[in-house]
Amino acid sequence: MTRSLIRPMDAAAIKDAAAMIRDGRLVAFATETVYGLGGDATNANAVAAIFAAKGRPSFNPLISHVAETADAAKLGLMDARADALAAKFWPGPLTLVLPKSAACPVAQLTTAGLGSIAVRVPSAPMARDFIAAAGVPIAAPSANRSGAMSPTRARHVQDSLPGPDEGGPQLILDGGACGVGLESTVVDLTSDATTLLRPGGLAIEDIEAVIGPLLIAGSDDTAPKSPGMLSRHYAPTLPLRINADAPHAGDVFLGFADVFTPGGLNLSAAGDVNEAAANLFDMLHALDQSGATGIAVAPIPDIGLGRAINDRLRRAVTR
Ligand code: TXA
Ligand code: MG
């Protein structure tokens, strides 16, 4: 088993890594918070590969990393709060969840089908150089196996993730130990109630000094069900039936492998769960707008990304 190659994060390595990203491959890289496992956020297959490499049991929406605030404003709608926070804390360990812009090029899988998008401009200069060189927003969760600790050194990444032959990163860009060592603070700006979704490397007090008090997601003594939490999981508006062998009257059918119907869609004719993951949210959105009265989904094998697909489909059923 070959392990992922570690290279010092210099100009030559950054150039090679940027080409790999544009080619749809994965690169782990240092930021000031933790190492990220990066892929082209506009390429659903690359993003599916990120989930597969981490062994995540479900699709959480990922952060899209950009080099400049102006690039963030192309992905999400920035209001006065976003402008104020960006002016003060970007580049830096702050992630903003914004309503997706109409022309947002980021893949549905990156945002797990949500109408919102998480964006961040990291402050590590090499990380910004890498993102700028790639020329696309880079989706990057922490570069560790699901459930393991976040990596703050290149060696941690190499020890935690599979090698390139097993779906892990092609390359690890070694920027030394991460200065902050904690994930970014995540703030939801999709509603008027500014809500802290995850405490992290930027102190809450510093944020409150700029835009006033934050609601804390999950502690609902201050607010009736913080609005930021309502839409954290995408589900179609049509009723959904899973593990279906065939459509009922009025259903559109979402197939897998050789279980499909003419007129329906097929997550992966080849029976490839990674391809199915890359197609999942696009196809659910399309079928939700098809004018049918329900969506029936073929059985998906519970292996690899199939587990994450089934997790998401089950949540959509019981929503
Ligand atoms: O410091 C960091 O943030 C690192 C480095 C690599 O930048 N990245 C990281 O990503 O920690 P990840 O995927 O492990 O965490 C992303 C967080 C999760 O808590 C996720 O639920 C939240 O951001 N998030 C992302 N998109 C969201 C959205 N549209 N709505 C609500 N929460 C979102
Ligand atoms: Mg993590």
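The values are calculated or read from the model by the stated rules, or taken from the named source; none is laboratory data. If you're wondering where the values come from, they're calculated on a predicted model, not measured in any experiment. A quick note on method: Cβ atoms are made from the backbone with ideal geometry, for glycine too, and the neighbour counts reach across all protein chains shown. For accessibility, only protein heavy atoms count, side chains too; no ligands or nucleic acids. Shrake-Rupley method; radii C 1.70, N 1.55, O 1.52, S 1.80 Å.
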Any residue on another chain or 5+ positions along whose placed amide H is under 5 Å from the amide H of SER116 is listed here as LYS100
For the chain, the per residue accessible area (1.4 Å probe, Å²) is 42
Shape descriptors of region 240-316 over alpha-carbon atoms, Rg and Dmax in angstrom, are 11.1, 32
About its Cα centre, the chain carries a charge dipole, from +1 on Lys and Arg Cβ atoms and -1 on Asp and Glu Cβ atoms, whose size in debye to the nearest 20 is 260
With the charge dipole of the chain built from beta-carbon charges (+1 for Lys and Arg, -1 for Asp and Glu) about the Cα centre, the Cα from HIS233, VAL259, HIS156 projecting farthest to the positive end belongs to HIS156
Rg from C-alpha atoms of region 79-143, normalised by the globular rule of thumb 2.2 N^0.38 Å, equals 1.15
Taking protein heavy atoms only, a 1.4 Å probe, and rounding to whole percent, the accessible area of the chain owed to carbon and sulfur comes out at 54
Taking only the alpha carbons of region 160-220, the radius of gyration and the largest Cα-Cα distance, Dmax, both in angstrom, are 17.0, 48
Quick numbers on region 127-199, Rg and Dmax over C-alpha atoms in Å, give 14.9, 46
Across 10 Å bins beginning at 0, the whole-percent shares of Cα-Cα pair distances in region 31-106 come to 16, 47, 31, 6
With Cα springs under 10 Å, the Gaussian network model of the chain assigns the largest mean-square fluctuation among ALA177, ALA278, ALA28 to ALA177
Cα pairs beyond 37 Å in the chain, in percent, come to 17
